């Protein structure tokens, strides 16, 4: 697969100046390009969006010579020649190449740097597998090992986020550097490059997760990682001045109800290939009717919607402690009674989702495969309704495709219908506020799986009794009282907004 565009040229200082200017002005297309020298066989200047680097490409391996921002063309040629001779003798020149680069960066004269670096002992070239097992680790090895460790500790969705933030292309500049050779300045350069093209919050998460990876390697794998001689975690100074803002948006019942009407009316949008599946619509209804966290909610199994023995026609949705784990409920099992009207709304979409095939195991089945819709599906639905996902198609090279397909103008249906943008988690505040106004704050806390406050009065709190009986521990009666009022309010608002939209359509 052609990742880099390649040009065979007679390398000159002008090529180096051009490369650095392209990076500075953000004009590197796609993953990057390579200038392959036709004078010094194997010498390559690789230009990526964040760094220009000298490499020596040999028959069986490729060696990193150093940064083009540190080493001149003449220095790169000299180092390439030394590395070739070492390779022919069966030696690995990686250590001396890295040492020469660091010495030049530290202001040591070229002659002294060459003498010091040349005196280093050479080691047999390591395979990636051998390096992972015996060390010393490069940055890419740390990321690989850390993600493998995290895979057994966090949910797949969180693991995907770790992978995203630790595998930004900006880390390519240090991917082949040993951990012991990295300095704070190297990490800060990566941070600053991320800030140029990503949100500040994304750069902050990359820094935080990078520090977490360093801490893990230093504590548990100091030997093979190459950090055994580190006495102070210097990477803790790798920072970014950022504080996440606390979101306090409380969408109105009208906002939520109008969103349901708009989502049902506009299941297919002209400017996007996406159509809203029945499972996603059912999940949107469920989020608004139950105010549950989308993680456990989206994965709900149909068999977990069981008849309520105390309330005819009702059902109880049940989630295990493992399914709730990770939320603020602390991994406790959670049960929520659902009035008949709520169950009917959710089950309305099951027939459409199942078609003529076998019924899905999931309450909110995905159109793709045999799994449930994801949290991302709900977010994407809300984004599409706001007209914010119309991204131009790109070719593999990263350049805009020459075959441009004219797309209809995107439409912000939220703005058109006066809906203030909201995200699924905001529904929890709306329900909590609504039930507070009904003097049922304790029911709201129970529905949202919050731990109770010790100062609430008897009707607004969890009873301070030992939780020996399932119904008592889950406070189903209290939850039912609150959820029934909320579902009635949502459906009344929905009916009003639907009638209003029909009236507007007739008037038009």
Item checked: Rg over Rh [alpha-carbon atoms, Kirkwood Rh] for region 210-270 -> 1.45
Notebook entry, point to check: Ordered by packing density, taken as the mean number of other Cβ atoms within 10 Å over each peptide's residues, highest first, how do 351-360, 495-504, 32-41 rank?
Noted result: 32-41, 495-504, 351-360
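Does region 1-54 classify as rounded, prolate or oblate by the C-alpha gyration tensor (a ≥ b ≥ c root eigenvalues; a/c under 1.5 gives rounded; else a/b over b/c gives prolate, otherwise oblate)?
Working: a/c = 2.28, a/b = 1.26, b/c = 1.80.
Oblate shape, in that a/c is at least 1.5 and b/c is the bigger or equal ratio.
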Check: Cα gyration tensor of region 165-301, axes a ≥ b ≥ c as square roots of the eigenvalues: rounded (a/c below 1.5), prolate (a/b > b/c) or oblate?
Finding: prolate
Margin query: How would region 129-237 be classified by its alpha-carbon gyration tensor: rounded, prolate or oblate, with rounded meaning a/c under 1.5 and the a/b versus b/c comparison settling the rest?
Written below: oblate
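For a quick check: sort 18, 384, 64, 416 by the number of other beta carbons within 10 angstrom, fewest at the front.
Numbers: 18 15, 384 22, 64 19, 416 11.
Ranked by crowding around the Cβ, least crowded first: 416, 18, 64, 384.
Since every read-out is calculated from the coordinates, none of them should be taken as a lab result. For clarity, every value in this text was computed on a predicted model and none was experimentally measured. Virtual Cβ from ideal backbone geometry, glycine too; neighbours counted across all protein chains shown.
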